[in-house]
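> Structure below; questions to follow.
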Amino acid sequence: GVGMISYEPLFETMKKKHISSYELEKRGFSRSTYYAMKYGKSVTVNTINQLCTLLDCEVSDIMKYVKDPN
């Protein structure tokens, strides 16, 4: 089985820091990229870097690896 990257930590981090998707957009983060992540699409390392900068957090606060249960 193959695992996958989950962006669940991103949404938890945003909640913790009280930052909405609208706020991210105002800070220059692309709405379409946000929605791509919401639906689990892959994004560039550049995008992860931008989120770390905007949210002042670590990569692990944005994404995690989820093992395939099989």
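> Please report the projected area of the chain's Cα convex hull averaged over all directions, in nm².
For the Cα atoms of the chain, the hull's average projected area reads 4.6 nm².
> Averaged per residue, what accessible area in Å² does the chain show with a 1.4 Å probe, protein chains only?
Per residue, the chain has 71 Å² of solvent-accessible surface.
> Let's see if you can work this out: charge +1 on each Lys and Arg Cβ, -1 on each Asp and Glu Cβ, no other charges. What is the dipole magnitude of the chain about its Cα centre, in debye to the nearest 20?
180
> Further question: In percent, how large is the relative contact order of the stretch 17-64, given Cα pairs closer than 8 Å and 6 or more residues apart?
Relative contact order, the stretch 17-64: 28 percent.
> Let me ask something additional. Mind grabbing the accessible area of Thr13 for me, 1.4 Å probe, Å², rounded to tens?
10
> Putting +1 on Lys and Arg Cβ atoms and -1 on Asp and Glu Cβ atoms, find which of Leu55, Gly1, Asn70 reaches farthest to the positive end of the dipole of the chain.
So the residue furthest toward the plus end is Leu55.
> Let me ask you something else. Which pairs, out of Lys15/Lys38; Lys15/Lys67; Lys17/Lys41; Lys41/Lys67; Lys17/Lys67; Lys16/Lys64, put more than 19 Å between their alpha-carbon atoms?
Cα-Cα > 19 Å for Lys15/Lys67; Lys17/Lys41; Lys17/Lys67; rest within.
> Let me ask you something else. How large a share of the accessible area of the chain, in percent, is made up of carbon and sulfur atoms when the probe is 1.4 Å and the other protein chains stay in place?
51
> Same structure again: Starting from the 7 Å offset along Cα-to-Cβ, what nm value, one decimal, do you get for the label separation of Glu8 and Lys41?
2.3
> Let me check I've understood the local charge: for Ile19, count other residues with C-beta under 13 angstrom from its C-beta, Lys and Arg +1, Asp and Glu -1. What total comes out?
Around Ile19, the surrounding residues sum to 0.
> Moving on. Quick one: ranking Ser21, Ser32, Ser6 by accessible area, 1.4 Å probe, largest first, what do you get?
Ser32, Ser21, Ser6
> Where Lys and Arg each count +1 and Asp and Glu each count -1, what net charge lies around Val2 among other residues with Cβ under 14 Å from its Cβ?
That sum, taken over residues with Cβ under 14 Å, equals 0.
> I'd like the Karplus ³J(HN,Hα) series for the stretch 54-70: coefficients 6.51, -1.76, 1.60, θ = phi - 60°, whole numbers in Hz, and an x wherever there's a Gly or Pro.
Each residue's phi maps through the Karplus curve to give 5, 9, 6, 9, 8, 4, 5, 7, 10, 8, 9, 8, 10, 5, 5, x, 7 Hz.
> For Asn70 and Ser32, what does the FRET efficiency come to when R0 = 25 Å and r is the distance between their Cβ atoms, rounded to the nearest 0.05?
Calculated transfer efficiency: 0.15.
The values are calculated or read from the model by the stated rules, or taken from the named source; none is laboratory data. Keep in mind that this is a model prediction, so the values were computed, not measured. Methodologically, a virtual Cβ is constructed for each residue, glycine included, from the backbone with ideal geometry; neighbour enumeration extends over all protein chains shown. Each accessible area value is taken on the protein alone, full model and side chains, heavy atoms only, with ligands, DNA and RNA left out. Shrake-Rupley method; radii C 1.70, N 1.55, O 1.52, S 1.80 Å.
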